[in-house]
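The values are calculated or read from the model by the stated rules, or taken from the named source; none is laboratory data. All figures in this text were calculated on a predicted structure; none of them were measured in a lab. Cβ: placed from backbone, ideal geometry, glycine included. Neighbour counts: every protein chain shown. These accessible areas exclude ligands, DNA and RNA; they are computed on the full protein's heavy atoms, side chains included. Shrake-Rupley method; radii C 1.70, N 1.55, O 1.52, S 1.80 Å.
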Amino acid sequence: MSNTTQGSTEPMLARSVDRRNFLRVTALAGGGILIGTQFDLLGAGEASAALAADGAAASGLEAGLGAYIRITPDNVITIIAKNPEIGQGVKTMLPMLIAEELDVDWKDVRVEQAGLDTDRFSGQFAGGSTATPNSWEPMRTVGAAARAMLVGAAAATWGVPAAECTTASGVVHHRGSGRRATYGELAARAATLPAPDAASVSLKEPKDFRIIGTGVAGVDNASIVTGRPLYGIDVTVPGMLYAVFEKCPVFGGKVARANLEEIAARPGVRHAFVVEGGSDLSGLLGGVAIVADSWWAAKSARDRLRVTWDEGETATQSSESFARQAAALAAQPAQQSLRNDGDVAAALAGAAKTVEEAYEYPFIAHAPLEPQNCTAHFRDGAIEIWAPTQTPQSGRRMVAQTLGIEESAITIHLTRIGGGFGRRLSNDYMVEAAWIAKEVGVPIKLVWSREDDMRHDFYRPAGFHFLKGGVDAQGRLTAWRDHFVSFGENGRFASSASLSATEFPQRFVPNFAIDASLIPFGVPTGALRAPGSNGIAFAIQCFIDELAHAAGKDPLQFRLELLGQDAGAPGGGRGGPPIDGQRIAGVLRVVGEKSGWGTRQRTLPRGTGMGIAFHYSHRGYFAEVVQATVSRAGEVSVDRIWVAGDVGSQIINPLNAENQVQGAVLDGLGQALGQEITIERGRTVQSNFHDFPLLRMQQVPPVEVHFHLTDHPPTGLGEPALPPVPPALCNAIFAATGKRVRSLPLSKHDLSWT
């Protein structure tokens, strides 16, 4: 279930449409109109919009590449989705924004996926829960500008003031004379009019929304459930061969020798060759490519492949050695100080009670259901690529550098993505496919096996937090120190392995310090859904629970009192502006009310408990309560989860929003229960879902979602609901059993009780 509640009424941020930008319009052959726009999404927070006129007529197909709205004389309205669709619903949500201001009925809209087109678009990527905050006003401005032009065309045709015309359901009306015209009938004339100034375009008031705020099913749903080709792994092109790529199990290892002649003689095999590769773990690495008539033929030949590897120095590394190094570093002075407010040592010495504990979390794989794949065709010095990538522009850049060709010689088609969670921010599989395609000279489809996907990921980094906190006689948190041991070298954190100097509870504790020490390593790491936050929240929110217990206070009340200690100085979180303590308090109160916190707990039997946690990341504020039962034998079952989220003033698509929150919560639950990547001899131990378990249907609890509306611009939902789940679950286990969980996953702990 999903509900909304109204919160504080702080003034909304002003619209950030850049007045210097312009609108662009193109006339279509046959009398239609194409409306395009370009945004500077990578600038200092401003998203600007423009619609442009090109004067020259073009076919609908040619002009539709990269433009947002296409209206043809038969009143067919097509809206182009520019961002990669990764299951987050952006292919539906962004066109909804345009359709709302265009004033058309959603049932009359067709949606098409754009390919990579940096001439028309900026910011064509999926990641960081950025689509909503970057597009909320620019996409609406596109629709509103198009509507203004169509109204202008009608007014000019009828010789009446534009102010006397209204629109509804894709039709312009002049009520005084009773005249009406469809957008399709007006499109040709609209294309000849001067484009309006984007900054002068009026947007609808929320009370007038007819599409925004309604539950809209995903535009691809019918194709998904009927098995129509949508995903990268579905792509086929004429004359296509299939490729597999064997890389060294030790990250960054090189081929010394391989039985290539034997492999080349296998049935269906067309090519077998060594790829030298480089040393960049995110680029083309060394390995053996096998190209065959079918994927099965390529896979069967690979099963007979025998490679002697030059494994390199990473072969000496392991998860056990990392843990030993972390413990040794924690006992020494930290390598660097990230923040030091007040006098932590004195505050700890004077505290009424202190708590000192160590928390750790493991490497985790992304484990998307669709393994990495890419189709590529190199011919005449150019390459065409079909890829499920979250970052097509950076992928194109990497392909150009690796192949030694210009980016202008690369065409990238965006396919729907069967799960990414940050994995497809990296484009190693695209570069591999491009290299193999160039070598063989025919179209190839590279498909990774599940084992490839698990053992050659860019993992969520493990982390080690050595925490000490103190509370005074009134139970107030007065001191906090975290010696964070992570991965990196020469003072630089590895990808997604850092801890912000303004991470909560900075600003809410008068004496606060974060120190850091780094372990050099050779394991590839990268962003995983709610990067950084997905592990950091576990350590912070569980330790806050320990401090609440030491203070003799209810965990919810302790958190609310802590938020009341706001020092007012800038402090922050990941993926957004400084943290707002009142917004955190708002979602805490909502989730406390909806879960019956304080009353339900008193009625629970022994072995069942409730835990609470919150976190701020990617501009989203989420608080969650987990009710869990632990059997006497130590088996954990999650009974119910309550969620309260503040992502601003408007839930654009409530149906998808609830789905996104529930998916994030269940993703985090699966991580906490049993997911762990361990490294031995420089290689990944886990290989498939049997030893890296995804959440099963019988483990899925009801997830009750509530949105707390506040007067802030809408923000994204793909990531911020995940981080509070693991700590809320672990805090529930403590309430049920009295046992603290200070390392994940839960599957490695004995939680039995008597």
Looking for something over 20 Å from Val523 (Cβ atoms) and either charged (D, E, K, R) or modelled with pLDDT under 95 (or both) - is there at least one such residue anywhere in the stretch 388-404? yes
Residue that is nearest to Phe538 (Cα to Cα), among those in the stretch 434-461 that are of a type in the set (Gly, Ala, Ser) and open to solvent by less than 10 Å² (accessible area, probe 1.4 Å): Ala434
Do we have any residue at all in the stretch 210-223 that's part of a helix (DSSP H, G or I), aliphatic (A, V, I, L, M), open to solvent by 40 Å² or more (accessible area, probe 1.4 Å) and without any contact (Cβ under 8 Å) to a residue 12 or more places away in the chain? yes
Selection over the stretch 257-274 where residues are within 38 Å of the chain's Cα centre (by Cα), in contact (Cβ under 8 Å) with a residue 24 or more places away in the chain and open to solvent by 30 Å² or more (accessible area, probe 1.4 Å) yields a count of 2
Within the stretch 92-121, which residues are closer than 20 Å to His618 by Cα and touching a residue at least 60 places away in the same chain (Cβ under 8 Å)? Met93
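Among the residues of the stretch 164-179, is there at least one that is outside any loop (DSSP other than H, G, I, E, B), modelled with pLDDT of 95 or more and open to solvent by 70 Å² or more (accessible area, probe 1.4 Å)?
Yes, there is a match, as at least one residue in the stretch 164-179 is outside any loop (DSSP other than H, G, I, E, B), modelled with pLDDT of 95 or more and open to solvent by 70 Å² or more (accessible area, probe 1.4 Å).
Consider Ala334 carefully, then state whether it is small (Gly, Ala, Ser), assigned to a loop (DSSP other than H, G, I, E, B) and open to solvent by less than 50 Å² (accessible area, probe 1.4 Å).
Criteria met by Ala334.
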Go through (1) out of contact with any Ser or Thr (no Cβ under 9 Å at 6 or more places or on another chain); (2) of a type outside the set (Phe, Trp, Tyr); (3) not in a loop (DSSP other than H, G, I, E, B) for Leu694 and report which single condition fails. (3)
Looking only at the stretch 346-362, count how many residues are open to solvent by 60 Å² or more (accessible area, probe 1.4 Å) and farther than 25 Å from His749 by Cα. 5
Is there any pair linking a residue in the stretch 156-170 that is without any contact (Cβ under 8 Å) to a residue 60 or more places away in the chain and under 15 Å from Ala144 (Cβ atoms) to one that is acidic (Asp, Glu) and open to solvent by less than 50 Å² (accessible area, probe 1.4 Å), with Cβ under 7 Å and at least six apart or on different chains, and which? none
Among the residues of the stretch 382-415, which ones are in a strand (DSSP E or B), over 23 Å from Val244 (Cβ atoms) and under 23 Å from the mean Cα position of the chain (by Cα)? Leu414
Can you pull out every residue in the stretch 500-521 that is farther than 25 Å from Ile612 by Cα, open to solvent by less than 10 Å² (accessible area, probe 1.4 Å) and not hydrophobic (A, V, I, L, M, F, W, C)? Ser517
Looking at (1) at pLDDT 95 or above; (2) in contact with a strand residue (DSSP E or B) (Cβ under 8 Å, 6 or more places away or on another chain); (3) more than 22 Å from Pro95 (Cα to Cα), which one does Pro161 not meet, given that it meets all the others? (2)
Of the residues Leu669, Leu729, Leu722, which is over 21 Å from the mean Cα position of the chain (by Cα), surrounded by 20 or more Cβ atoms within 10 Å (Cβ to Cβ) and not β-branched (Val, Ile, Thr)? Leu729
The lone condition Glu357 fails out of (1) among the acidic types (Asp, Glu); (2) within 30 Å of Lys254 (Cα to Cα); (3) in a strand (DSSP E or B) is (2)
How many residues are in a strand (DSSP E or B) and more than 26 Å from Tyr459 (Cα to Cα) when one looks only at the stretch 338-354? 5
Of (1) open to solvent by 50 Å² or more (accessible area, probe 1.4 Å); (2) touching a strand residue (DSSP E or B) at 6+ places or on another chain (Cβ under 8 Å); (3) modelled with pLDDT under 95, Ser202 satisfies all except one. Which? (2)
Hey, can you tell me all the residues within the stretch 127-163 that are open to solvent by less than 40 Å² (accessible area, probe 1.4 Å) and in contact with an Asp or Glu (Cβ under 7 Å, 6 or more places away or on another chain)? Ser129, Arg140, Gly143, Ala144
When restricted to Val237, Val244, Val250, the only residue assigned to a loop (DSSP other than H, G, I, E, B), open to solvent by less than 60 Å² (accessible area, probe 1.4 Å) and farther than 20 Å from Gly682 by Cβ is Val237
Residue within the stretch 313-322 that is among the aliphatic types (A, V, I, L, M) and surrounded by 19 or more Cβ atoms within 10 Å (Cβ to Cβ) present: yes
Could you identify the single residue in Ala530, Ala479, Ala497 that is touching an Asp or Glu at 6+ places or on another chain (Cβ under 8 Å), buried (at least 22 other Cβ atoms within 10 Å of the Cβ) and touching a residue at least 24 places away in the same chain (Cβ under 8 Å)? Ala530
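Is it the case that the stretch 413-422 has a residue that's of a type in the set (D, E, K, R), farther than 14 Å from Ala376 by Cβ and surrounded by 24 or more Cβ atoms within 10 Å (Cβ to Cβ)?
no
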Condition check for Gln686: touching a Phe, Trp or Tyr at 6+ places or on another chain (Cβ under 7 Å), open to solvent by less than 30 Å² (accessible area, probe 1.4 Å), in contact (Cβ under 8 Å) with a residue 12 or more places away in the chain and not in a strand (DSSP E or B): yes
